[in-house]
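Some notes on the structure that comes next.
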Amino acid sequence: MHTESFELRRPHQTLSGAVVASPHSGRAYGDAFLRASALDAHTLRSSEDAHVDELVAAAPGLGVPLLLANTPRAYVDLNRHHDELDPALIDGAPRGSHNPRITSGLGVIPRVVANGRAIYRGKMSLAEAHRRLVRHWHPYHQALGELLSSQLAQFPRTILVDCHSMPHEAIESHGRQMGKIPEVVLGDRFGASCGADVVSAIELVFRRHGFTVARNTPFAGAFISQEYGRPSQNRHVVQVELDRSLYMDEATLMPHAGFDRVRQAMTEVIAEVASLARPSIPLAAE
C-alpha cells in the first residue's frame with residue numbers, strides 16, 4: 001500500500017504481532033516545498049533518518065509488517081502530537097504552555113533542521129499547517145493505529161519497533177557527559193512504553209554485534225512511544241536510535257562499509273522481536 005504520506009509493506013503471511021516503522025526516513029520533498037524553503041534539498045535532508053528504511057527492509061520477509069513514511073520530517077514530523085504547532089512559524093497558532101520541542105523549533109511542522117538552520121524565510125498560515133496535517137500526519141497515524149490494533153486482535157501482544165537515527169555529533173556530546181558514547185539508544189520511556197523483556201532482548205542482539213547500548217538517555221521515546229505504548233494492555237513500543245556514523249557518511253548522506261553490519265543487526269533485532277510477539281506453542285503431551 002503506497003500513499004502520499006506512507007508506504008505499508010505487508011508480508012506474504014503475518015507470523016507475529018510485531019510491527020516495524022520508520023517515521024523519519026521519508027524523502028518525498030516535492031518541488032513546492034523546495035521552492036518555499038530557504039534551504040537546499042541536501043541541507044533539508046540533515047533532519048532525515050536517511051537509509052533507516054533500507055536498514056529494516058528485511059521485516060516483511062520475516063513475517064512482520066513494515067510502515068515507512070514518505071513525508072519528510074522537515075515537512076511534517078510524524079513523531080509529534082498534531083497540536084504541537086509553533087506560533088513562531090505558524091500565523092494564528094495558539095500560544096500554550098511551555099513546550100521545549102516547540103520552543104526549539106521542532107514542533108509537528110518544524111521551523112528548523114539540524115544545527116538550528118531555519119527552513120523558511122517567513123511564516124505560514126494556520127490553514128496551510130492544517131492542510132499538511134490532514135494530508136500527511138493523520139493518514140500515517142490512522143494506518144499505524146489500525147495496524148497495531150489488527151496485530152493485537154490476532155496475536156497475544158503487539159510490539160512496535162520504532163526506528164530512528166541520531167547525528168554522531170549530538171550523541172558524542174551526550175556521551176562525554178555520561179562517560180561513554182552510545183552507538184544505539186533504546187527508549188522505552190523508562191518502562192512506560194515497553195516491557196523489560198523486550199528491551200533486554202533487543203539490547204542483547206546489539207551487544208552481540210559489538211555495539212555500545214544505552215537506555216533512555218538521551219532519547220527515551222517521543223510522541224509515538226507515548227501514544228501507542230501500553231504494556232499493561234499488551235501494546236509495546238520501543239524506540240531504536242542508531243548513530244548515523246555507524247552506517248553512512250553524514251556529510252554526503254551516502255552509506256559506507258559499516259552499512260551491512262548495522263543492517264544485519266537490525267534484521268536480527270526484528271527476528272527476535274517477532275519471536276517475542278508470536279504465540280507460544282504448547283508442548284505435545286507425552
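The values are calculated or read from the model by the stated rules, or taken from the named source; none is laboratory data. These figures come from a predicted structure and were not determined experimentally. Cβ sites come from the backbone with ideal geometry, for glycine too, and all protein chains shown count toward neighbours. Note: areas computed on protein heavy atoms with side chains; ligands, DNA, RNA excluded. Shrake-Rupley method; radii C 1.70, N 1.55, O 1.52, S 1.80 Å.
Modelled spin-label separation between ALA36 and ALA251, with each label point placed 7 Å from Cα along the Cα-to-Cβ direction: 3.3 nm. For the chain, adding -39500 (n - 2.57) for each run of n ≥ 4 DSSP H residues and dividing by the number of residues yields -9000 deg cm²/dmol at 222 nm.
Below 11 angstrom from the Cβ of SER193, what's the summed charge of the other residues (Lys, Arg +1; Asp, Glu -1)? If you can, show how the numbers build up before the last one.
Values: positive: ARG189, ARG230, ARG235; negative: ASP162, ASP188, GLU227.
It works out to a net charge of 0.
Checking every one of the trypsin sites (Lys or Arg not before Pro) in region 54-146 against DSSP loop status and a limit of 10 other Cβ atoms within 10 Å picks out ARG95, ARG121. For a label point 7 Å from the Cα of LEU204 along Cα→C-beta, name the residues of region 260-274 whose backbone N is under 19 Å from it. Those under the cut-off are 265-274.
By how many nm would the segment from LYS180 to ALA28 grow when fully extended, if each residue of separation counts as 0.36 nm and the alpha-carbon distance is taken off?
Working: separation 152, 0.36 × 152 = 54.72 nm, distance 3.59 nm.
Difference between extended and current length: 51.1 nm.
Annotation: per residue accessible area for the chain equals 44 Å², rounded to a whole number [probe 1.4 Å, protein chains only]. Rolling a 1.4 Å probe over the protein heavy atoms leaves GLU4 with an accessible area of roughly 90 Å². Solvent-accessible area of region 26-116 (1.4 angstrom probe, protein heavy atoms only): carbon and sulfur portion equals 52 percent. Its relative contact order, with pairs defined as Cα atoms under 8 Å and 6+ residues apart, puts region 212-286 at 14 percent.
Normalising by the residue count of region 79-139, find the relative contact order in percent from Cα pairs under 8 Å and 6+ residues apart. Show your work: numbers first, answer last.
On the way: 59 pairs, mean separation 22.2, N = 61.
Once normalised by length, the contact order is 36 percent.
Loop-located chymotrypsin sites (Phe, Trp or Tyr not before Pro) in region 200-286 (DSSP state not H, G, I, E or B) with no more than 16 neighbouring Cβ atoms inside 10 Å do not occur. In the frame of its principal axes, region 205-280 has Cα extents of 42, 29, 19 Å, reported largest first. Here's the picture: charge each Lys and Arg Cβ at +1 and each Asp and Glu Cβ at -1 in the chain, and of LEU144, ALA50, HIS256 the one pushed furthest to the positive end of that dipole is LEU144.
Taking the protein heavy atoms of region 140-286 in the context of the full set of protein chains, the accessible area attributed to carbon and sulfur is 52 percent at 1.4 Å.
Its relative contact order, with pairs defined as Cα atoms under 8 Å and 6+ residues apart, puts the chain at 23 percent.
Restricting things to Cα coordinates, could you compute the convex hull volume per residue of the chain in Å³? It comes to 141 Å³ per residue, whole-number rounded.
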